[in-house]
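What follows is a single structure, written as structure tokens, with notes after it.
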Amino acid sequence: MTAIHPSILSADFANLESELGRIRGADAVHVDVMDNHFVPNLTLGLPVVQAIRKVTDLPLDIHLMIEDADVWAPQYAELGAESVTFHAEAAKAPIRLARQLRSQGSKSAMALRPATAVEPYLDMLSELDMLLLMTVEPGFGGQKFLDIMLPKIRRARQAADDLGSRVAIQIDGGVSSETIERAAEAGADTFVAGSAVYSAEDPEEAIAQLRRLAASAAESS
């Protein structure tokens, strides 16, 4: 199933409630949490996510680009986030953390930077509900999609299929109507789109178009 998760990193932070109202047709809202340590940017934290939880019924897809993921990730699950993504590079005990998130009622998801090989983590795919493969360097929106990540997406999708495990393969970075088909053909099925949605005149139509393009590409691959 193709899923589109608009990123509020591209939204107007001064009007988040109304900005969330512009993407009601999304499958989830992607919330980037950055600490200016793991990545060179600072965004929002637990209090803002708690406020977002109160004003939207959309599932929350929390992407933690922070240090001490083992400490902080469970707190976002406790807030009621439907999915919490921690970075493999920031987790001391990723399997334990994935199991803890699931025990708290959240989906467990793990992210990899572009230069982090996927192979060392394939054996733990059964512990995950989603694997996020960054298709730009994490930290800032509006970057160009890295086509060199397509083979990595293919390897992850093949490994998940071989396990018989229904792990979503999410990509984040440079997703647009020009790039989403290539990623879907490679095996991605969940797409984080920031500026492609929020810079559109009609964000809902942008979401629908991205979903159509990805679904069609996946069917033909």
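If you check ALA26, ALA111, ALA73, which single one turns out to be in contact with a strand residue (DSSP E or B) (Cβ under 6 Å, 6 or more places away or on another chain), without any contact (Cβ under 8 Å) to a residue 40 or more places away in the chain and crowded, with 16+ Cβ neighbours inside 10 Å? Quick ask: steps written out before the conclusion?
Details: ALA26 fails: without any contact (Cβ under 8 Å) to a residue 40 or more places away in the chain; ALA111 fails: without any contact (Cβ under 8 Å) to a residue 40 or more places away in the chain.
On inspection, the qualifying residue turns out to be ALA73.
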Checked against (1) modelled with pLDDT under 95; (2) among the basic types (Lys, Arg); (3) more than 25 Å from LEU58 (Cα to Cα), ARG182 satisfies every condition except (1)
If you go through LEU16, LEU20, LEU46, the only one that is in contact with a Ser or Thr (Cβ under 7 Å, 6 or more places away or on another chain), touching a residue at least 24 places away in the same chain (Cβ under 8 Å) and of a type outside the set (Gly, Ala, Ser) is LEU20
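For THR179, are the conditions met, namely being in contact with a helix residue (DSSP H, G or I) (Cβ under 7 Å, 6 or more places away or on another chain) and polar (S, T, N, Q)?
Values: in contact with a helix residue (DSSP H, G or I) (Cβ under 7 Å, 6 or more places away or on another chain): no; polar (S, T, N, Q): yes.
Answer is no for this residue.
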Considering segment 62-97, residues that are part of a helix (DSSP H, G or I), touching a helix residue (DSSP H, G or I) at 6+ places or on another chain (Cβ under 7 Å) and aliphatic (A, V, I, L, M), and then whichever is farthest from VAL31 (Cα to Cα), we arrive at ILE95
Residues in segment 85-100 that are within 19 Å of MET34 (Cβ to Cβ), in contact (Cβ under 8 Å) with a residue 24 or more places away in the chain and not aromatic (Phe, Trp, Tyr) total 6
All conditions in (1) touching a residue at least 60 places away in the same chain (Cβ under 8 Å); (2) of a type in the set (Gly, Ala, Ser); (3) crowded, with 22+ Cβ neighbours inside 10 Å are true of SER199 except (3)
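Restricting attention to segment 135-179, report how many residues are among the aliphatic types (A, V, I, L, M), touching an Asp or Glu at 6+ places or on another chain (Cβ under 8 Å) and either touching a residue at least 40 places away in the same chain (Cβ under 8 Å) or over 26 Å from ASN41 (Cβ atoms) (or both).
Taking segment 135-179 and keeping what is among the aliphatic types (A, V, I, L, M), we get 136, 146, 148-150, 153, 156, 159-160, 163, 167-169, 171, 175.
Of the ones still in play, those that are also touching an Asp or Glu at 6+ places or on another chain (Cβ under 8 Å) are 136, 167-169.
Those still in the list that are either touching a residue at least 40 places away in the same chain (Cβ under 8 Å) or over 26 Å from ASN41 (Cβ atoms) (or both) too: 167-168.
Matching residues across segment 135-179 total 2.
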For segment 9-24 the number of residues that are closer than 16 Å to GLU201 by Cα, out of contact with any helix residue (DSSP H, G or I) (no Cβ under 6 Å at 6 or more places or on another chain) and either of a type in the set (Gly, Ala, Ser) or assigned to a helix (DSSP H, G or I) (or both) is 4
In segment 127-144, anything under 28 Å from ARG99 (Cα atoms) and at pLDDT below 95 is listed as VAL136, GLU137, PRO138, GLY139
Note on segment 1-20: residues surrounded by fewer than 18 Cβ atoms within 10 Å (Cβ to Cβ) and either in contact with an Asp or Glu (Cβ under 6 Å, 6 or more places away or on another chain) or more than 30 Å from ARG166 (Cα to Cα) (or both) are ASP12, PHE13, ALA14, ASN15, GLU17, SER18
When ASP147 is run through (1) over 14 Å from ALA218 (Cβ atoms); (2) surrounded by 19 or more Cβ atoms within 10 Å (Cβ to Cβ); (3) modelled with pLDDT of 95 or more; (4) not aliphatic (A, V, I, L, M), the failure sits at (2)
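The values are calculated or read from the model by the stated rules, or taken from the named source; none is laboratory data. Bear in mind that the values here come from a model prediction, so they are computed numbers and not experimental data. Here Cβ is always computed from backbone atoms with ideal geometry, including for glycine, and neighbour counts include all displayed protein chains.
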